[in-house]
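Asks: One structure, pasted below without further comment.
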Amino acid sequence: MAAIITIIDYGAGNLRSVVNAVNYLGYQTRVTDKPSDLQQANSIILPGVGSARRLMDGLKTRELGAPLLDYLSLGKPFLGICLGLQVLFEDTEEDGIKCLGLLEGRVRRLPLEVKIPHIGWNTVSLRGDHPCLSGIKDGSYFYFVHSYYAELQDTRLVLGLTDYGARFPAIIAKGKLIATQFHPEKSGEEGLHFLRNFFEECL
Amino acid sequence: MLTKRIIPCLDIKDGRVFKGTSFGSLRDAGDPVELARRYYEEGADEIVFLDITATIEEREIIADIVERVSKVIFIPLSVGGGLKSLEDIRMVLLAGADKVSLNTAAVDDPGLVTEAAEAFGRQCIIVAIDAKRRPGGGWEVYTSSGQKATGIDALDWAKKVSTLGAGELMLTSIDADGHRSGYDIELTRAVSQAVTIPVIASGGAGGPQDLYQVLADGKADAALAASIFHYGLYSIGEVKAYLAAQGIPVRLS
């Protein structure tokens with residue numbers, strides 16, 4: 001039986017696109033806002049649309065923060081998308097919100113000399129040789145929508161970099177924790193390829 | 001490098017794709033799901049669905065179209081036309097849209113832009129501006145499918161909505177729309193330089209050179225076109241190949 005992918009519903013984001021892409025690849029989904037579902041999960045996606053405040057408040061009011069951190073401490077498969085990448089860090093300049101603090105570093109606002117939000121297809125320069133990058137060409141295009149970016153301490157975690165006003169991590173990996181600043185579920189065939197790699201390599 | 005987006009626009013009426021001229025007569029251009037899939041395969045960067053009837057019945061038809069399209073197409077989908085409230089926006093987002101565009105409703109109630117940005121994130125709120133040249137210079141905002149003059153200056157309005165919470169602007173020249181004789185370059189450039197959010201140019205595409213002009217000279221971040229794609233005058237691939245040859249950064253598959 002195909003694995004069931006748990007998708008966290010923190011009450012602010014539109015989860016439909018992520019669910020559609022996961023289902024399209026042949027995996028079942030469980031969209032949940034219950035702490036007990038996170039405890040039993042074997043793979044979790046934290047999608048990110050909306051604001052950091054809504055995401056962090058949403059996790060807090062649903063008491064999802066602690067079970068999510070417990071889950072991550074076990075080194076089980078996890079994919080954070082966009083804000084789902086940003087909230088893994090210590091804090092963000094977006095409303096000065098304190099985040100999950102799982103990764104060292106801060107989230108900063110894109111500089112004023114570029115149009116914000118960064119919306120559209122941008123190239124990702126790949127680094128290293130990770131199974132999640134299998135079959136993906138260096139310089140492939142992915143779809144971005146964000147105004148903030150992660151500035152992380154440990155650059156060994158970076159699998160891909162993108163330039164837009166600043167150079168920032170587009171893909172991060174730490175064990176089976178994978179996070180992308182772009183939206184793989186909205187990045188066409190290349191995005192689906194990336195998601196398929198994640199499921200095949202990490203589950 | 002961030003690429004310029006090429007966005008086919010599907011005007012929907014009675015569940016079919018239509019294309020009109022200068023907000024006037026209409027021609028049937030096909031099935032929306034089939035067309036959307038074709039554009040996805042040809043390399044469209046995004047797809048826009050516009051409800052040109054702006055009725056409650058049509059909104060439900062569009063929600064159903066978006067629901068079907070979003071299961072087989074993995075690029076951003078926007079829906080606009082007749083959305084008036086947070087509930088309307090929520091309905092199309094839940095159906096699978098990634099963004100919505102607000103036009104008349106934003107003019108009638110600018111607070112809706114802020115409320116929508118706070119509720120759903122500004123990245124999914126596009127404000128659509130239909131602008132018409134004034135005889136004495138400048139451009140005026142029109143609403144209600146280009147029928148109603150508002151007296152509002154288009155540049156002032158663009159700046160205002162970008163501070164209210166719009167994540168992007170979709171700028172249509174009423175003078176140029178449907179004529180296939182080029183975008184209003186001057187309007188696009190003026191708006192694009194007046195705001196710090198991305199601008200999608202719309203109205204007037206007749207060929208690849210028009211898209212080139214509006215992206216290069218008009219400083220648009222994206223170009224929207226309808227009839228040149230619907231009637232098979234040019235494929236999205238042909239347009240992108242032309243733009244790439246002219247030095248415009250585009251996503252080529």
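Asks: Please state the charge dipole magnitude for the protein assembly as shown, taken about the Cα centre, from unit charges on C-beta atoms (+1 on K and R, -1 on D and E), reported in debye and rounded to the nearest 20. Working shown, then result.
Replies: Numbers: 47 positive and 58 negative charges, 105 e Å.
Rounded to the nearest 20 debye, it is 500 debye.
Asks: Place a +1 charge on the Cβ of each Lys and Arg in region B:5-245 and a -1 charge on the Cβ of each Asp and Glu, then give the dipole magnitude about the Cα centre in debye, rounded to the nearest 20.
Replies: Values: 24 positive and 35 negative charges, 76 e Å.
The calculation lands at about 360 debye.
Asks: Restricting to bridges with both residues inside region A:4-202, how much of the DSSP beta-bridge set is antiparallel, in percent to the nearest 5?
Replies: Numbers: 26 of 42 bridges.
DSSP beta bridges in region A:4-202 are roughly 60 percent antiparallel.
Asks: At a Förster distance of 35 Å, what's the computed FRET efficiency of B:E238 paired with A:N23, Cβ-Cβ distance as r, to 0.05? Walk me through the numbers before you get to the answer.
Replies: Numbers: r = 33 Å, r/R0 = 0.94.
The pair B:E238/A:N23 has a calculated efficiency of 0.60.
Asks: Taking a ≥ b ≥ c as the square roots of the Cα gyration tensor eigenvalues, with a/c under 1.5 meaning rounded and otherwise prolate when a/b beats b/c, else oblate, which class fits region A:24-147? Each step should come with its number before you reach the end.
Replies: Values: a/c = 1.81, a/b = 1.17, b/c = 1.55.
Judged from the Cα gyration tensor, region A:24-147 comes out oblate (a/c at least 1.5, b/c at or above a/b).
Asks: Pick from A:E104, A:E113, A:E185: which is most flexible by mean-square fluctuation in a GNM of chain A where alpha carbon atoms under 10 Å apart are linked?
Replies: A:E113
Asks: Note down the magnitude of the dipole of chain A about its Cα centre, charges +1 on Lys and Arg C-beta and -1 on Asp and Glu C-beta and zero elsewhere, to the nearest 20 debye.
Replies: Numbers: 21 positive and 23 negative charges, 33 e Å.
With only Lys, Arg, Asp and Glu charged at Cβ, the dipole is about 160 debye.
Asks: Hey, what's the per residue convex hull volume over the C-alpha atoms of region A:68-203, in cubic angstrom? Walk me through the numbers before you get to the answer.
Replies: Numbers: hull volume 13.0 nm³, N = 136.
Convex hull volume per residue, Cα atoms: 95 Å³.
Asks: Rank these by accessible area, largest first, 1.4 Å probe: A:T61, B:T150, A:T92, A:T155. Provide the component values of the computation, followed by the final result.
Replies: On the way: A:T61 110, B:T150 45, A:T92 5, A:T155 80 Å².
The residues order as A:T61, A:T155, B:T150, A:T92, largest area first.
Asks: Report, largest value first, the span of the C-alpha coordinates of region B:1-107 along each principal axis, in whole Å.
Replies: Cα spread of region B:1-107 along its principal axes, largest to smallest: 35, 31, 26 Å.
Asks: To the nearest 500 deg cm²/dmol, what mean residue ellipticity at 222 nm is calculated for the protein assembly as shown from DSSP H runs of n ≥ 4 alone, each contributing -39,500 (n - 2.57), summed and divided by the residues? List each step's numbers first, then the result.
Replies: Details: 16 runs with 147 residues, N = 456.
Estimated from H runs of four or more residues: -9000 deg cm²/dmol.
Asks: Next question. With labels modelled as points extended 7 Å from the Cα through the Cβ direction, what inter-label distance (nm, one decimal) is found for A:Q40 paired with B:E186?
Replies: Going from the A:Q40 label point to the B:E186 one covers 6.7 nm.
Asks: Counting only the backbone N, which residues of region B:168-188 are under 16 Å from the spot 7 Å out from the Cα of B:A149 toward its beta-carbon?
Replies: Backbone N within reach: B:174-175.
Asks: Further question: Roughly how far apart, in whole Å, are the Cα centres of region B:109-126 and region B:1-73?
Replies: 22 Å
Asks: To check my understanding: the extent here is largest minus smallest coordinate of the Cα atoms along each principal axis. What are those three numbers for the protein assembly as shown, in Å, largest first?
Replies: Result for the protein assembly as shown: principal-axis Cα extents of 67, 43, 43 Å.
Asks: Another one. Testing the spin-label approximation: label points 7 Å from Cα along Cα→Cβ at B:T163 and A:R109. State their distance in nm.
Replies: Roughly 1.5 nm, to one decimal.
Asks: May I pose another question? For the pair B:K219 and A:D70, how long in nm is the line joining their label points, each one 7 Å along Cα→Cβ?
Replies: That separation, rounded to one decimal, is 5.4 nm.
Asks: What is the spread of the Cα atoms of chain B along each of their three principal axes, largest first, in whole Å?
Replies: Largest first, chain B extends 43, 42, 38 Å along its Cα principal axes.
Asks: Classify region B:92-154 as rounded, prolate or oblate from the Cα gyration tensor: take a ≥ b ≥ c as the square roots of its eigenvalues, call it rounded if a/c is under 1.5, otherwise prolate when a/b beats b/c and oblate if not. Please report the intermediate quantities before stating the final value.
Replies: Numbers: a/c = 2.71, a/b = 2.31, b/c = 1.17.
Since a/c reaches 1.5 and a/b is larger than b/c, the shape of region B:92-154 is classed as prolate.
Asks: A further question follows. Tell me, what is the FRET efficiency for A:S134 and A:K174 to the nearest 0.05, using R0 = 22 angstrom and their Cβ-Cβ distance as r?
Replies: That pair, A:S134 with A:K174, gives E of 0.75.
The values are calculated or read from the model by the stated rules, or taken from the named source; none is laboratory data. Computed from a prediction, not measured in an experiment: that's the story for all the values here. Neighbour counts are summed over all protein chains in view; Cβ atoms, including those assigned to glycine, are modelled from backbone coordinates with ideal geometry. Note: accessible area is taken over every heavy atom of the protein model, side chains too, but ligands, DNA and RNA are not part of it. Shrake-Rupley method; radii C 1.70, N 1.55, O 1.52, S 1.80 Å.
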